[in-house]
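The values are calculated or read from the model by the stated rules, or taken from the named source; none is laboratory data. All values reported here derive from a predicted model rather than from experimental measurement. All Cβ positions, glycine included, derive from the backbone under ideal geometry; neighbour counts span all protein chains shown. Note: accessible area is taken over every heavy atom of the protein model, side chains too, but ligands, DNA and RNA are not part of it. Shrake-Rupley method; radii C 1.70, N 1.55, O 1.52, S 1.80 Å.
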Amino acid sequence: MNGKYIDSIKFQGTIEQDSYLLDIPSVQYLMKTKVLDLTSNVTFFVGENGTGKSTLIEAIAIAYGFNAEGGTKNFNFTTAASHSELWKCLTLVKSKFAKNGFFLRAESFYNLASNIDDMDRESSLGRKIVSNYGGKSLHCQSHGEGFMAVIKHKFGENGFYILDEPEAALSPMRLLSLMVVINDLAKKGSQFIISTHSPILMGFPGTQILQLSENGIEEVEYESTDHYLITRQFLENPQIMFKYLFDEN
């Protein structure tokens, strides 16, 4: 695989003393180490809720030029300006420029779909924007179908793609379909940065897995992630897990 566009992420700047960002372990780590190297063209950010995965993913996306709520660099809509100022402190070290790009996040996918419909209603042009997404409103499809429509029609070779928790929109079968797309495009010069809780998705071979925890950011092997270990333990013997969780004697 080849096609890495972002080689590393550097922290340069100052965060206000009263900012909640100072309480996020991954941000504390970046402030201390000053740099986060990306060694693969498919990188996963994994970890528990509250460790800063989405905050960091969002900041990287904005620093690259993407809209905070998703889309290409051409999108500039704002539903709720809730993103942090972390992006102002990040410098993305680029080795080359990508031909394509998209920031796709399950959390604000509804807002993205609404913006596309709004622009088409207001446009006087003959060709509708939705034609670039398969020709059917993303709102007229299920969450997962619309999500995959974006991937199918907007993801291509020599691109840079950021995904935030795609498993929130996709079934296990659709996650396998997503992995096929990632594998194909990675071989064609594309780079992916993905935040995920899915032990299926993070099992993608040959990737860099960065685990965010209270200790900061650490590169780990797939079988060492908490997600893999907990899921395996549950699937091997769910009754023991239920007995432990529900404190049944």
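Being in contact with a helix residue (DSSP H, G or I) (Cβ under 9 Å, 6 or more places away or on another chain) and either surrounded by 16 or more Cβ atoms within 10 Å (Cβ to Cβ) or not small (Gly, Ala, Ser) (or both) narrows it down to one residue among 157, 236; which is it?
Details: 236 fails: in contact with a helix residue (DSSP H, G or I) (Cβ under 9 Å, 6 or more places away or on another chain).
After applying the criteria, what remains is 157.
Answer with yes or no whether residue 193 is modelled with pLDDT of 95 or more, surrounded by 15 or more Cβ atoms within 10 Å (Cβ to Cβ) and assigned to a helix (DSSP H, G or I).
No; evaluated as a whole, the condition is false for this residue.
Taking the range 65-116 on its own, how many of its residues are under 30 Å from residue 18 (Cβ atoms) and among the basic types (Lys, Arg)?
2
Taking residue 56 and the conditions (1) in contact (Cβ under 8 Å) with a residue 60 or more places away in the chain; (2) under 22 Å from residue 214 (Cβ atoms); (3) surrounded by fewer than 13 Cβ atoms within 10 Å (Cβ to Cβ), which numbered condition does it fall short on, given that it satisfies the others?
(3)
Any idea how many residues of the range 56-83 are under 13 Å from the mean Cα position of the chain (by Cα) and at pLDDT 90 or above? Steps first, please.
Our first condition is that a residue be under 13 Å from the mean Cα position of the chain (by Cα); within the range 56-83, this holds for 56-62, 66, 68-71.
Now narrow it down to the ones that are at pLDDT 90 or above: 56-62, 66.
Residues meeting the conditions: 8.
Quick one: would you say residue 162 is open to solvent by less than 10 Å² (accessible area, probe 1.4 Å) and out of contact with any Pro (no Cβ under 7 Å at 6 or more places or on another chain)?
yes
Out of curiosity, is residue 96 loosely packed, with under 15 Cβ neighbours inside 10 Å and either free of Cβ contacts under 8 Å to residues at least 40 places away in the same chain or under 22 Å from the mean Cα position of the chain (by Cα) (or both)? Spell out the reasoning first.
Working: loosely packed, with under 15 Cβ neighbours inside 10 Å: yes; either free of Cβ contacts under 8 Å to residues at least 40 places away in the same chain or under 22 Å from the mean Cα position of the chain (by Cα) (or both): yes.
When the stated conditions are applied, residue 96 passes them.
Assuming residue 185 fulfils every condition listed in (1) more than 28 Å from residue 39 (Cβ to Cβ); (2) without any contact (Cβ under 8 Å) to a residue 40 or more places away in the chain apart from one, which condition is it?
(1)
Within the range 22-52, which residues are over 17 Å from the mean Cα position of the chain (by Cα) and over 24 Å from residue 94 (Cβ atoms)?
Selection gives 22, 23, 24, 25, 28.
Please indicate, with yes or no, whether at least one residue in the range 239-247 is open to solvent by 50 Å² or more (accessible area, probe 1.4 Å), at pLDDT 95 or above and out of contact with any Phe, Trp or Tyr (no Cβ under 9 Å at 6 or more places or on another chain).
no
Take the residues of the range 196-233 that are in contact (Cβ under 8 Å) with a residue 60 or more places away in the chain and part of a helix (DSSP H, G or I): which is most open to solvent (accessible area, probe 1.4 Å)?
Per the stated criteria, the residue is 226.
Mind telling me which of the residues 85, 48 ends up being farther than 26 Å from residue 186 by Cα and surrounded by fewer than 14 Cβ atoms within 10 Å (Cβ to Cβ)?
Step by step, each of 85, 48 is checked, and only 85 is farther than 26 Å from residue 186 by Cα and surrounded by fewer than 14 Cβ atoms within 10 Å (Cβ to Cβ).
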